Amino acid sequence: MFKVVCVGAFHRKGIKLLESRPDLVTYEVLTDLSPENVARGVAGADAVVVRTTPLPRETLERADRLRIVSRHGVGTDNVDVAYLSSRKIPMAIAIDSNVGSVAEHTLMMLLALAKDAMAGDRATRSGDFAWRDRRTASDVAGKSALIMGFGRIGQRVGALCGSLGLRVAAFDPYMERSPVEGVEMVKDFRAILPETDFLCLHLPSTPETRDLIGAGELALLKRGAFVLNCARGGIVDEDVLCDALESGHLGGAGLDVFAKEPPDTAHRLFRQEKVLLSPHNAALTEECAIRMATQAVQNVLDCLDGKLQPRVVMNRREIGMA
């Protein structure tokens, strides 16, 4: 019998999946997510399911029976994957769970910004019906989008943008050819920033992507362009983003993620009228919550049954599964 420790609560359907295998597992859900309690909780685990709680090396070292860590989601920046790899432990993700949800959220932000939907809502509520004659909205058809990070989510965003009539380019240092018809891959993203109307970020959080979009990159963007980040906080320098918005160089921004979460609401980002913010919930639709919970648990069950799929393992090459 194996012990599964769930670091944080998740959708009941994921728990029911664990309960369907009393022949294989027992489980515990940790609700006190202090570092001390998490370290105690995972100590006897054969498998760990984790959402966003940090799992550093010193915590994982306590789990001497550990066989797998399964992420409730797709990002792994909260887990010391290098340490897991050193022990040949798979780091699994809910690989396809959030693709559609995050892509839809990105398109929601893109359209809301292009149509100046927030200002239109405020004007209508205040009785300023004549706002419509100021024509601050714009079409997206015929405009250009650059997608940085062309994995599963980026590809879905590219397809959706193409269906709206946007010209789409993509930058991904790990991809030579676009699997999405009509999307052009570029090797130097800075070279096409001056012709970009919508910059959509779908990159992972790594030392290389930290503040990748800074003052120089924002200055290169076409005047009136929009920046959308539904990936990870810290890819865009939030202070220089505010500078570009306040100067009028940027037309607006949509942010689902922040360098610090929860963000400091005293930051001047929160005083920008042309910024659409959401609380890192692009993947938190009801449907996506079910997919993340059930796939994260299924990865654990598959591992313990000896049939874990290599495609869901982020460190498969490092642990010899490739």
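The values are calculated or read from the model by the stated rules, or taken from the named source; none is laboratory data. Quantities reported herein were computed from a predicted structural model and do not represent experimental measurements. Note that each Cβ is placed from the backbone with ideal geometry, even for glycine, and that neighbours are counted across all protein chains shown. Side chains included, ligands, DNA and RNA excluded: accessible areas come from the protein's heavy atoms. Shrake-Rupley method; radii C 1.70, N 1.55, O 1.52, S 1.80 Å.
Give the Rg/Rh ratio for the chain, taking Rg as the radius of gyration of the Cα atoms and Rh as the Kirkwood radius, to two decimals.
Ratio of gyration radius to Kirkwood radius: 1.02.
Share of the range 95-191's accessible area from carbon and sulfur, percent, 1.4 Å?
51 percent
For the range 71-172, which trypsin sites (Lys or Arg not before Pro) pass both filters: DSSP loop (anything but H, G, I, E, B) and at most 11 other C-beta atoms within 10 Å?
The qualifying sites are Arg135.
Taking each pair of distinct Cα atoms in the range 183-238 once, what is the resulting Kirkwood hydrodynamic radius in Å?
Evaluated on the range 183-238, it is 11.7 Å.
Over the range 1-81, what is the relative contact order in percent, taking alpha-carbon pairs closer than 8 angstrom and at least six residues apart?
32 percent
Of the options Val240, Leu212, Gly224, report the single residue whose Cα projects farthest towards the positive end of the charge dipole of the range 203-255 (beta-carbon charges: Lys, Arg +1; Asp, Glu -1).
Gly224
From the square roots a ≥ b ≥ c of the eigenvalues of the alpha-carbon gyration tensor of the range 3-129, which class results: rounded (a/c under 1.5), prolate (a/b over b/c), or oblate?
Prolate, since a/c reaches 1.5 and a/b exceeds b/c.
If Lys and Arg each add +1 and Asp and Glu each add -1, what is the summed charge of the other residues whose beta carbon sits under 9 Å from the beta carbon of Asp46?
Here the charged neighbours net out to +3.
What FRET efficiency comes out for Asp96 versus Ser247 if R0 is 45 angstrom and r is the Cβ-Cβ distance? Round to the nearest 0.05.
Computed FRET efficiency for Asp96 and Ser247 comes out at 0.65.
What is the dipole size for the chain, taken about its Cα centre, with +1 at each Lys and Arg Cβ and -1 at each Asp and Glu Cβ, in debye to the nearest 20?
Around 580 debye, computed over the chain.
Once you have the Cα-Cα distance between Lys3 and Leu24, take 0.36 nm times their residue separation minus that, and quote the gain in nm to one decimal.
Going from the current span to full extension adds 6.7 nm.
Averaging the inverse of every distinct alpha carbon separation and then flipping it gives the Kirkwood radius. What is it for the range 95-219, in angstrom units?
15.8 Å is the Kirkwood radius here.
In the range 136-243, which chymotrypsin sites (Phe, Trp or Tyr not before Pro) are in a loop and have at most 14 other Cβ atoms within 10 Å, using DSSP for the loop call?
Passing sites in the range 136-243 are Tyr174.
Which value, in debye to the nearest 20, describes the size of the charge dipole of the range 198-257 about its Cα centre when Lys and Arg Cβ atoms bear +1, Asp and Glu Cβ atoms bear -1, and nothing else is charged?
Taking the Cα centre of the range 198-257 as origin, the dipole is about 240 debye.
Compute the accessible area per residue over the chain, keeping the other protein chains in place, probe 1.4 Å, unit Å².
Accessible area per residue, the chain: 48 Å².
Pick out, from Thr136, Asn98, Gly251, the residue whose Cα sits farthest towards the positive end of the charge dipole of the chain, with +1 on the Cβ of Lys and Arg and -1 on the Cβ of Asp and Glu.
Looking along the dipole axis, the top candidate is Asn98.
Only sites in a loop by DSSP and with at most 10 other Cβ atoms within 10 Å count here; which trypsin sites (Lys or Arg not before Pro) in the range 269-322 make the cut?
When the trypsin sites (Lys or Arg not before Pro) of the range 269-322 are filtered for loop state and at most 10 Cβ neighbours within 10 Å, Lys307 remain.
So for the range 172-322, what percent of the C-alpha to C-alpha distances run longer than 25 Å?
When every Cα pair of the range 172-322 is considered, 44 percent fall beyond 25 Å.
If R0 is 30 Å, what FRET efficiency do you get for Arg132 and Glu261 from their C-beta distance, rounded to 0.05?
After rounding to 0.05, the efficiency reads 0.25.
Return the calculated 222 nm mean residue ellipticity for the chain, to the nearest 500 deg cm²/dmol, obtained by summing -39500 (n - 2.57) across DSSP H runs with n ≥ 4 and dividing by the residue count.
Taking each H run of at least 4 residues, the total per residue is -9000 deg cm²/dmol.
Just to compare against my own numbers: the Cα pair-distance distribution for the range 60-129, 10 Å bins, whole % per bin, please.
In whole percents, the pair-distance histogram is 16, 28, 18, 15, 13, 8, 2.
Taking K and R as +1 and D and E as -1, what net charge do the other residues with C-beta under 15 Å from the C-beta of Val312 add up to?
So the environment of Val312 carries a net charge of +4.
Determine the relative contact order of the range 239-285: mean sequence separation of Cα pairs under 8 Å and six or more apart, normalised by residue count, in whole percent.
So the answer I get is 46 percent.
Using Cα-Cα distances under 8 Å and only pairs 6 or more residues apart, what relative contact order does the chain have, in percent?
Answer for the chain is 19 percent.
Of Lys3/Lys88; Lys115/Lys222; Lys187/Lys222; Lys3/Lys307; Lys115/Lys260, which ones are farther than 21 Å apart at the Cα?
Lys115/Lys260
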